[in-house]
Each structure stands twice: as structure tokens, then as C-alpha cells.
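Asks: Before we start, here is the structure in question, set down as C-alpha cells.
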Amino acid sequence: METTDRAAYYALSRERTRLTLTLSAAVLAFFLPLPILGGFTSVLDGVVFQGVTVAWLYAFAQFVVAIVVARWYSQWAGRFDERMATLTMNGASAS
């Protein structure tokens, strides 16, 4: 494996790690407050309309966020896999 190939692998690895950690932190920051706020405060008790509370809207928003993040990451991972395959093919043909 050449030095340039190794550097490209490391760059892709760093990009994947940075994205994964950033997304994980953002999702945790969004998901974790629901049980804390719902269980220990009255912040989410407000009724928005006809018995639907802020807690219900927040919980529904979590489903939306989970689906959006999963679809976005799936598309990103597909592009990442293509880049990794290209790098692997270039490295294999050079050997």
C-alpha cells in the first residue's frame, strides 16, 4: 500500500468518524431531554390543542428526526462506499 493510498484511507476514516460522532451527539441532544423534561418537570405539560400536549408533539418530532437522519446517513454511506470502492480499486490496480 502506497503512502498516498494510506493517507486517503485515513482521511476517509477521519471523515466517517467525525460525521458519526457529530450525528450521535446531535441525536442524543435531541432525544435525551424528553424523558428528563417529561419525568421531572412540567415543561412539556402545556396543551397545544384539544388534549395534545407539547410532550406528544416533541415525541412525534423525534420520529421525524430519526427517519430523516437515517435516510440522510444511508445516502451519505452509499456515497462513502463508492468513494471507498474507488480508492480500493485504484490501490488494487496499482499493485
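Since every read-out is calculated from the coordinates, none of them should be taken as a lab result. Because the structure is predicted, anything quoted here is derived from the model rather than measured. Neighbour counts are summed over all protein chains in view; Cβ atoms, including those assigned to glycine, are modelled from backbone coordinates with ideal geometry.
Asks: Residues in the range 62-81: is at least one farther than 25 Å from Ala25 by Cα and without any contact (Cβ under 8 Å) to a residue 24 or more places away in the chain?
Replies: Of the range 62-81, the ones farther than 25 Å from Ala25 by Cα are none.
Among the residues of the range 62-81, not one is farther than 25 Å from Ala25 by Cα and without any contact (Cβ under 8 Å) to a residue 24 or more places away in the chain, which makes the answer no.
Asks: Could you tell me which residue of the range 1-14 is farthest from Phe80 (Cα to Cα), considering only residues that are without any contact (Cβ under 8 Å) to a residue 24 or more places away in the chain and surrounded by 11 or more Cβ atoms within 10 Å (Cβ to Cβ)?
Replies: Restricting attention to the range 1-14, the residues satisfying the condition of being without any contact (Cβ under 8 Å) to a residue 24 or more places away in the chain are 3-4, 6-7, 10-11, 13-14.
Next, from what is left, pick out any that are surrounded by 11 or more Cβ atoms within 10 Å (Cβ to Cβ): 4, 6, 11, 13.
Details: Thr4: 18, Arg6: 16, Ala11: 12, Ser13: 10 Å.
Once the filter is applied, the top-ranked residue is Thr4.
Asks: Looking at (1) more than 27 Å from Ser13 (Cβ to Cβ); (2) under 22 Å from the mean Cα position of the chain (by Cα); (3) not acidic (Asp, Glu), can you tell me which one Arg79 breaks?
Replies: Failing condition for Arg79: (1).
Asks: Continuing with this model, one more query. Condition first: assigned to a helix (DSSP H, G or I), out of contact with any strand residue (DSSP E or B) (no Cβ under 8 Å at 6 or more places or on another chain) and within 30 Å of Asp81 (Cβ to Cβ). Can you find one or more residues in the range 35-57 that meet it?
Replies: No, because not a single residue in the range 35-57 is assigned to a helix (DSSP H, G or I), out of contact with any strand residue (DSSP E or B) (no Cβ under 8 Å at 6 or more places or on another chain) and within 30 Å of Asp81 (Cβ to Cβ).
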